[in-house]
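Written out below as structure tokens is the structure these notes cover.
All of the numbers you see were taken from the coordinates with simple rules; none came from a lab. What you see is a predicted model, and the numbers here were worked out from it, not measured in a lab. Neighbour counts are summed over all protein chains in view; Cβ atoms, including those assigned to glycine, are modelled from backbone coordinates with ideal geometry.
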């Protein structure tokens, strides 16, 4: 049974400072930001994965080119599984890495689309769109490099998340919304109709399920989809939304208006009262992470915004990546330096501090790295630095 319970909400506004724009890359749209080791990992619908350290420095770990997209990452047992797709050729590739220096291709599929991946003790699962097939939508499992269909569905499936150690939930979207649920780590799935065509993103916390909508709502279920409580509802928002759950009481929710502006709200009582803590115009918020007094936002404009005094709602600033931009990074042979000025001097050292500049040739703004061994190096050019990974 599916029913919605509407909670009464009260709104308040908190004063907050504006921020100055320091960094923007329009093709790097952070769809999600997660904790990773001693820092954070941003990845997105664009073509990048970036590590953010606790001092708010950014190092781009992976970039894709042309029409290939880096869709999403699932982390399990100290390994990261990265789903990449090509919207033009309709294929899906899954990479595995333990250090973001070496990548192993563990699956390549043709004539399929995918937008999510989840890894657990039972394996790797993908929601699949099959090109030209009669059973168009399914959840499939990767086994020994091959794809095995677990269950076919009537709806396209968007996002797979762990509800508990053995439970998986997903959101079915087109043509109708449904909740996809597995209680046995993905061996079997059932579909629960939601009778709502406006739902978009799903997240979980402490066995509770939260789903945002395209019409300014955030709903919550404490009984695995049988009943739902609307904890935020403002129909003036008519675009994509994102949210972050600190605990069952403290939630950040950022609905948008036409994907062109967002307001960031916060509740500390499970949704009965909300306060406005931030607003952005001209672009929308795509991802949120709050960690103690630090908060990080991604936007549709390709920005990553940072605040290390968030509990007092201080000024936001845009995270500045390493002032020296280089690509591709990791590189196998040649490295291009993205700098407007003429290069006057450079130095490159290995992880032991040894100067290996003599093994590197600089031609214009391109470095020939073919004489260096695989590993991580620090590149210094005219007082600016960047971490460089060589991967062969």
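Can you sort 327, 137, 265 by how many other beta carbons sit within 10 Å, fewest first? Display every interim value, and only then the final one.
Details: 327 12, 137 20, 265 25.
The most exposed by this proxy come first: 327, 137, 265.
Modelled this way, with points 7 Å down the Cα-to-C-beta line, the labels at residue 268 and residue 55 are 3.2 nm from one another. Taking 0.36 nm per residue of sequence separation and removing the Cα-Cα distance, the residue 382/residue 276 pair yields an extension gain of 33.8 nm. In this simple spin-label model, placing a label point 7 Å from the Cα along the Cα-to-Cβ direction at both residue 206 and residue 222 gives a separation of 1.0 nm.
For the stretch 229-373, the extents of the C-alpha atoms along the principal axes are 64, 32, 26 Å, listed from largest to smallest. Computed extension length for residue 236-residue 35: 69.1 nm, one decimal, from 0.36 nm per residue of separation with the Cα-Cα distance subtracted. In this simple spin-label approximation, residue 325 and residue 93 carry label points 7 Å from Cα along the Cα→Cβ vector, and these lie 2.3 nm apart. Relative contact order of the chain, taken over Cα pairs closer than 8 Å and 6 or more residues apart, is 14 percent. The stretch between residue 143 and residue 359 holds 73.5 nm of extra length on full extension. This uses 0.36 nm per residue minus the Cα-Cα distance.
What is the calculated FRET efficiency for residue 342 to residue 308, with r their C-beta to C-beta distance and R₀ = 35 Å, to the nearest 0.05? Could you put the intermediate results ahead of the total?
Values: r = 35 Å, r/R0 = 1.01.
Here the calculated transfer efficiency is 0.50.
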